[in-house]
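Asks: Sharing a structure below in structure tokens format, with a few things to ask.
The values are calculated or read from the model by the stated rules, or taken from the named source; none is laboratory data. Given the structure is predicted, the values throughout are model-derived calculations rather than measurements. Neighbour counts are summed over all protein chains in view; Cβ atoms, including those assigned to glycine, are modelled from backbone coordinates with ideal geometry. Calculation scope for accessible area: heavy atoms of the full protein, side chains included, ligands and nucleic acids excluded. Shrake-Rupley method; radii C 1.70, N 1.55, O 1.52, S 1.80 Å.
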Amino acid sequence: MTPRADSTRDRIVEAAKAEFARHGIAGARIDRIAKSAKTSKERVYAYFRSKEELYRFVAARELDAVAEATRMDPTDLPGYAGRVHDYFTSHPDNLRLMRWGQLEFADNAPDDATRDIVSRKTEQLRQAQHDGHLDRSWNPLDILMFVNQLAMAWADHPDLATTPARQAVFLAERRAAIITAVERLFPATSSADKRANPLD
């Protein structure tokens with residue numbers, strides 16, 4: 001099979017993802033990334049002008065992967081919260097990758113990729129409010145923040161299970177609690193619910 005033309009770049013990105021998750025941005029080393037990707041430092045810099053640019057690319061790609069895997073449905077925010085919980089408890093390295101960016105960038109301001117995703121999701125929530133699926137008294141940005149924070153509440157703490165053997169049960173119980181909390185704040189609805197109980 002003929003390798004894809006961008007296979008070196010793909011290897012660099014995968015190696016960088018692991019390096020950033022393990023060491024953060026400041027602690028990551030381009031020479032280790034190059035070695036893991038079976039290429040040279042010069043080749044890494046041919047694709048990405050700086051370590052920070054490489055991190056931002058990797059983080060933006062991860063944001064897209066999260067959005068694809070979790071698929072926010074404004075009419076079923078409890079289900080969405082469960083998927084977010086599942087994703088980050090199953091991908092702890094990816095969660096660490098995102099945390100490093102929040103900690104290390106001096107201005108701590110969201111980048112364009114983050115702004116785009118937040119803008120798109122808040123617009124979905126605003127439309128759901130307009131259509132009668134969500135309480136209109138909430139600011140849609142607050143809805144997004146509260147749901148995401150609840151969904152990720154236990155992603156950093158799987159070690160709080162009483163024993164390693166009980167971790168799966170512990171996380172299942174936490175998942176159920178998250179879904180219950182989001183359901184109480186933002187109950188799942190449907191078009192049929194809206195017709196039966198119009199807000200207007």
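Asks: Could you check LEU134 against (1) closer than 30 Å to ARG22 by Cβ; (2) touching a residue at least 40 places away in the same chain (Cβ under 8 Å); (3) buried (at least 16 other Cβ atoms within 10 Å of the Cβ) and say which number it fails?
Replies: (1)
Asks: Hey, any hits in segment 26-45 for a residue that's over 18 Å from the mean Cα position of the chain (by Cα), of a type in the set (A, V, I, L, M) and at pLDDT below 95?
Replies: For segment 26-45, residues over 18 Å from the mean Cα position of the chain (by Cα), of a type in the set (A, V, I, L, M) and at pLDDT below 95: present.
Asks: What residue, of GLU68, GLU42, is of a type outside the set (S, T, N, Q), without any contact (Cβ under 8 Å) to a residue 40 or more places away in the chain and either assigned to a loop (DSSP other than H, G, I, E, B) or under 22 Å from LEU95 (Cα atoms) (or both)?
Replies: GLU68
Asks: Then there's this: Looking for something open to solvent by 20 Å² or more (accessible area, probe 1.4 Å), assigned to a helix (DSSP H, G or I), within 19 Å of ASP156 (Cα to Cα) and in contact (Cβ under 8 Å) with a residue 12 or more places away in the chain - is there at least one such residue anywhere in segment 48-63?
Replies: Among the residues of segment 48-63, at least one is open to solvent by 20 Å² or more (accessible area, probe 1.4 Å), assigned to a helix (DSSP H, G or I), within 19 Å of ASP156 (Cα to Cα) and in contact (Cβ under 8 Å) with a residue 12 or more places away in the chain, which makes the answer yes.
Asks: Out of ARG136, ARG115, I need the residue that is more than 22 Å from GLU68 (Cα to Cα), out of contact with any Asp or Glu (no Cβ under 6 Å at 6 or more places or on another chain) and of a type in the set (Lys, Arg). Which one?
Replies: Going through ARG136, ARG115 in turn, the sole match is ARG136.
For every residue, the table says whether it meets (1) at pLDDT below 90; (2) surrounded by 14 or more Cβ atoms within 10 Å (Cβ to Cβ).
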{"position": "ARG83", "(1), (2)": "no, yes"}
{"position": "THR89", "(1), (2)": "no, yes"}
{"position": "GLY101", "(1), (2)": "yes, yes"}
{"position": "ASN108", "(1), (2)": "yes, no"}
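Asks: Additional query: Can you find a residue that is more than 18 Å from the chain's Cα centre (by Cα), open to solvent by 40 Å² or more (accessible area, probe 1.4 Å) and of a type in the set (Val, Ile, Thr) anywhere in segment 173-182?
Replies: Yes, that holds for at least one residue.
Asks: Anything in segment 94-141 that is out of contact with any helix residue (DSSP H, G or I) (no Cβ under 7 Å at 6 or more places or on another chain), farther than 18 Å from ASP73 by Cβ and in a helix (DSSP H, G or I)? List them, or say none.
Replies: ARG99, GLN102, LEU103, ASP112, ARG115, ASP116 - these are the residues of segment 94-141 that are out of contact with any helix residue (DSSP H, G or I) (no Cβ under 7 Å at 6 or more places or on another chain), farther than 18 Å from ASP73 by Cβ and in a helix (DSSP H, G or I).
Asks: Scan segment 143-164 residue by residue and report those that are surrounded by fewer than 15 Cβ atoms within 10 Å (Cβ to Cβ), assigned to a helix (DSSP H, G or I) and at pLDDT below 80.
Replies: Listed by number, the residues that qualify are ASP159, LEU160, PRO164.
Asks: Looking at ARG71, ARG29, which is the one that is open to solvent by 50 Å² or more (accessible area, probe 1.4 Å) and more than 20 Å from LEU144 (Cβ to Cβ)?
Replies: Sole residue among the options that is open to solvent by 50 Å² or more (accessible area, probe 1.4 Å) and more than 20 Å from LEU144 (Cβ to Cβ): ARG29.
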